[in-house]
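K.L.:
Here you go, one structure.
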């Protein structure tokens with residue numbers, strides 16, 4: 001597993017194309033929708049959804065947000081704490097069977113004024129389908145450990 005990026009590894013303007021994609025199943029959509037008590041039948045009732053302009057169930061948009069963020073973690077926030085999201089946009093629908101990918105651009109970086117061992121990084125992430133259709137964009141601010149200050153991960157030497 002990657003140790004992840006530290007604050008010093010982010011440069012304004014850098015674009016990171018996250019290597020993993022994830023195909024969304026009907027089970028993913030139903031489970032997430034039911035786990036979050038979302039009662040909109042467009043996510044889990046095929047008969048209802050068939051009568052909408054989409055003709056099929058929509059993937060729950062908060063699942064899409066969670067998935068796109070998850071696709072970025074190894075490259076972006078393995079050594080970070082999330083401070084928040086802004087400007088979340090959903091320009092196209094996501095359906096069961098779509099595969100989602102992501103890329104991130106670093107918008108700004110600055111040292112933290114209150115935490116000398118960390119820095120603040122602002123990013124813009126784009127989630128897109130297998131055909132390149134953009135399905136989600138958002139800005140995110142993260143608090144990232146500086147090199148040498150991230151919590152240690154267990155290794156065989158530490159466990160002894």
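K.L.:
With an 8 Å cut-off on Cα pairs and a minimum separation of 6 or more residues, tell me the relative contact order of the chain in percent.
P.N.:
29 percent
K.L.:
Which one, 35, 58, 67, has the greatest fluctuation when you compute a Gaussian network model over the chain with C-alpha springs under 10 angstrom?
P.N.:
35
K.L.:
Under a point spin-label approximation (7 Å from Cα along Cα-to-Cβ), what is the residue 31-residue 131 distance to one decimal in nm?
P.N.:
Label at residue 31, label at residue 131, 2.8 nm between them.
K.L.:
Pulled fully out, how much extra length does the chain show between residue 112 and residue 139, if you take 0.36 nm times their separation in residues and subtract their Cα-Cα distance?
P.N.:
Residue separation times 0.36 nm, minus the Cα-Cα distance, leaves 7.9 nm.
K.L.:
Restricting to DSSP H runs of at least four residues, report the calculated mean residue ellipticity at 222 nm for the chain, -39500 (n - 2.57) per run over all residues, nearest 500 deg cm²/dmol.
P.N.:
-6000 deg cm²/dmol
K.L.:
Given the options 71, 83, 143, state which has the largest fluctuation in a GNM of the chain using a 10 Å cut-off (strictly under) for Cα springs.
P.N.:
83
K.L.:
Taking the Cα of residue 51, stepping 7 Å toward and past its beta carbon, and measuring to each backbone N in the stretch 13-37: which are under 16 Å?
P.N.:
none
K.L.:
I've got another one for you. How many percent of DSSP beta bridges within the chain run antiparallel, rounded to 5?
P.N.:
100 percent
K.L.:
Using only Cα atoms, tell me the angle between helix 61-76 and the longest principal axis of the chain; keep it within 0 to 90° and round to the nearest 10.
P.N.:
Computed tilt is about 30 degrees.
K.L.:
If you build a Gaussian network model of the chain, linking Cα atoms that sit under 10 Å apart, which residue out of 140, 115, 22 swings the most?
P.N.:
115
K.L.:
Another question about this same structure. How much length is gained on full extension from residue 20 to residue 89, taking 0.36 nm per residue of separation minus their Cα-Cα distance?
P.N.:
Taking residue 20 through residue 89 to full extension adds about 22.7 nm, to one decimal.
K.L.:
For the chain, find the longest principal axis of its Cα atoms and tell me its angle to the long axis of helix 26-35, 0 to 90°, nearest 10.
P.N.:
Orientation of helix 26-35: about 80 degrees from the principal axis.
K.L.:
Classify the chain as rounded, prolate or oblate, taking a ≥ b ≥ c as the square roots of the eigenvalues of its Cα gyration tensor: rounded when a/c is under 1.5, otherwise prolate if a/b is larger than b/c and oblate if not.
P.N.:
In terms of gyration-tensor shape, prolate.
Every read-out reported here was derived from the displayed coordinates using simple, explicitly stated rules and does not represent laboratory data. Every value quoted in this text rests on a predicted model; they were computed, and no experiment measured them. Heads up, the Cβs are rebuilt from the backbone with ideal geometry, glycines too, and the neighbour counts pull from every protein chain shown.
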